[in-house]
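Contents: one structure, followed by commentary.
The values are calculated or read from the model by the stated rules, or taken from the named source; none is laboratory data. Note that the structure is predicted; figures quoted are calculated from it, not measured. Backbone-built Cβ (ideal geometry, glycine too); neighbour counts: all protein chains shown. In case anyone asks, the SASA skips ligands and DNA or RNA and just uses the protein heavy atoms, side chains included. Shrake-Rupley method; radii C 1.70, N 1.55, O 1.52, S 1.80 Å.
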Amino acid sequence: ELKVEQNPLFLSMQEGKNYTIYCNYSTTSDRLYWYRQDPGKSLESLFVLLSNGAVKQEGRLMASLDTKARLSTLHITAAVHDLSATYFCAVDLGGNQFYFGTGTSLTVIP
Amino acid sequence: NAGVTQTPKFRVLKTGQSMTLLCAQDMNHEYMYWYRQDPGMGLRLIHYSVGEGTTAKGEVPDGYNVSRLKKQNFLLGLESAAPSQTSVYFCASQIGRFREQYFGPGTRLTVT
């Protein structure tokens with residue numbers, strides 16, 4: 001059974017600071033996705049990472065994938081309040097089987 | 001372009017009742033998925049479909065059935081609802097492998 005662990009589960013950070021969310025998974029996969037969910041809302045795609053060493057950036061968010069370490073990171077640069085949300089990573093195990101992490105709830109404090 | 005829509009948005013059922021959740025997408029996507037989201041947990045895959053007329057089991061399929069008679073629609077059925085099925089249900093579609101999924105707004109189901 002694939003396990004996808006995110007840490008931290010809860011993150012409170014000040015505006016302007018940098019931080020990293022980690023996503024570890026327990027079996028081989030080279031496809032990983034990041035999603036954002038606002039409270040009471042649906043999920044929105046942020047990044048699709050399809051190979052070892054993949055790096056994607058959008059605004060203040062940057063995601064990377066290390067398939068050998070079975071680790072993906074979501075780095076936040078100079079956080080702003082609008083980034084407050086829950087962030088999920090999801091691993092594609094193949095055969096259309098997707099496994100989501102438990103999520104990281106991010107609160108950016110002014 | 002409505003994207004992915006779900007019907008209904010909210011529903012309360014009594015134990016043993018049945019219901020069907022409807023997911024519709026207008027993006028001509030091949031793949032469709034049903035997930036459930038419970039507090040403190042990520043999404044868990046219930047069933048999925050890789051094309052019209054096909055369905056397959058995901059991580060937590062017990063107690064649910066699905067059908068995909070038309071490419072744009074993916075139905076999730078609960079034949080005999082149980083309190084353990086209280087959850088938020090999300091439908092998603094995907095144009096092809098290795099692409100992002102587009103999620104619907106969710107259906108909040110309570111089984112009493």
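Things to note:
- Interface residues of the range A:81-110, defined as a loss of at least 50 Å² in heavy-atom accessible area between the chain alone and the complex of all protein chains with a 1.4 Å probe, are A:ASN96, A:GLN97, A:PHE98, A:PHE100.
- Solvent-accessible area buried by B and A, counting both chains, probe 1.4 angstrom, square angstrom: 1800 Å²
- Label-reachable residues, the range A:51-70, where backbone N falls under 16 Å from a point 7 Å from A:ASN18's Cα toward its Cβ: A:56-64
- Magnitude of the charge dipole, the protein assembly as shown, Cβ model with Lys/Arg +1 and Asp/Glu -1, debye to 20: 220 debye
- With the simple spin-label model, which puts each label point 7 Å out from Cα in the Cβ direction, the B:LYS14 to A:SER26 separation comes to 4.1 nm.
- Between A:ASN52 and B:ALA56, the C-beta separation translates, for a Förster distance of 25 Å, into a calculated FRET efficiency of about 0.35.
- Subtracting the Cα-Cα distance of B:LEU22 and B:LYS71 from 0.36 nm times their residue separation leaves 16.4 nm of extension gain.
- Trypsin sites (Lys or Arg not before Pro) restricted to DSSP loop in the range A:38-103 with at most 11 other C-beta within 10 Å: A:LYS68
- Among the listed pairs A:LYS17/A:LYS56; A:LYS56/B:LYS57; A:LYS3/A:LYS68, a Cα-Cα separation exceeding 25 Å is found for A:LYS56/B:LYS57.
- Assuming charge only on the beta carbon of Lys and Arg (+1) and of Asp and Glu (-1), the dipole of the range B:1-60 about its Cα centre is about 360 debye to the nearest 20.
- Dividing the mean sequence gap of close Cα pairs (under 8 Å, 6+ apart) by how many residues chain B holds gives a relative contact order of 35 percent.
- A loss of 30 Å² or more of accessible area (1.4 Å probe, protein heavy atoms, ligands and nucleic acids excluded) relative to the isolated chain is seen in these residues of the range B:41-72: B:GLY42, B:LEU43, B:LEU45, B:TYR48, B:GLU59.
- The shape of the protein assembly as shown can be summarised by an equivalent ellipsoid whose semi-axes, obtained from the alpha carbon gyration tensor, come to 30, 20, 16 Å from longest to shortest.
- A simple spin-label model places the labels of A:GLU1 and B:THR110 2.9 nm from each other, with each point 7 Å out along Cα-to-Cβ.
- Occluded residues from the range A:25-61, i.e. those whose accessible area drops by 40 Å² or more once the chain is not alone (1.4 Å probe): A:TYR35, A:SER42, A:LEU43
- Accessible carbon and sulfur surface of the protein assembly as shown relative to its total accessible area, %, 1.4 Å: 51 percent
- Peptide B:29-38 shows a mean partner chain C-beta count of 1 within 10 Å per residue C-beta.
- Rel. contact order, % - alpha carbon contacts under 8 angstrom, at least six apart, the range B:1-49: 32 percent
- With all protein chains kept in place, the per residue accessible area of the range A:1-97 amounts to 50 square angstrom at a probe of 1.4 angstrom.
- Sparse-neighbourhood loop sites, chymotrypsin sites (Phe, Trp or Tyr not before Pro) in the range B:31-103 - DSSP loop, at most 14 other Cβ within 10 angstrom: B:PHE98
- Charge dipole of the protein assembly as shown about the Cα centre (unit charges at C-beta), most positive-ward option of B:THR107, B:ALA81, A:CYS23: B:ALA81
- Surface accessible to a 1.4 Å probe, per residue, for the residues of chain B, Å²: 47 Å²
- Relative contact order (percent, whole number), the range A:1-95, Cα cutoff 8 Å, 6+ residue spacing: 35 percent
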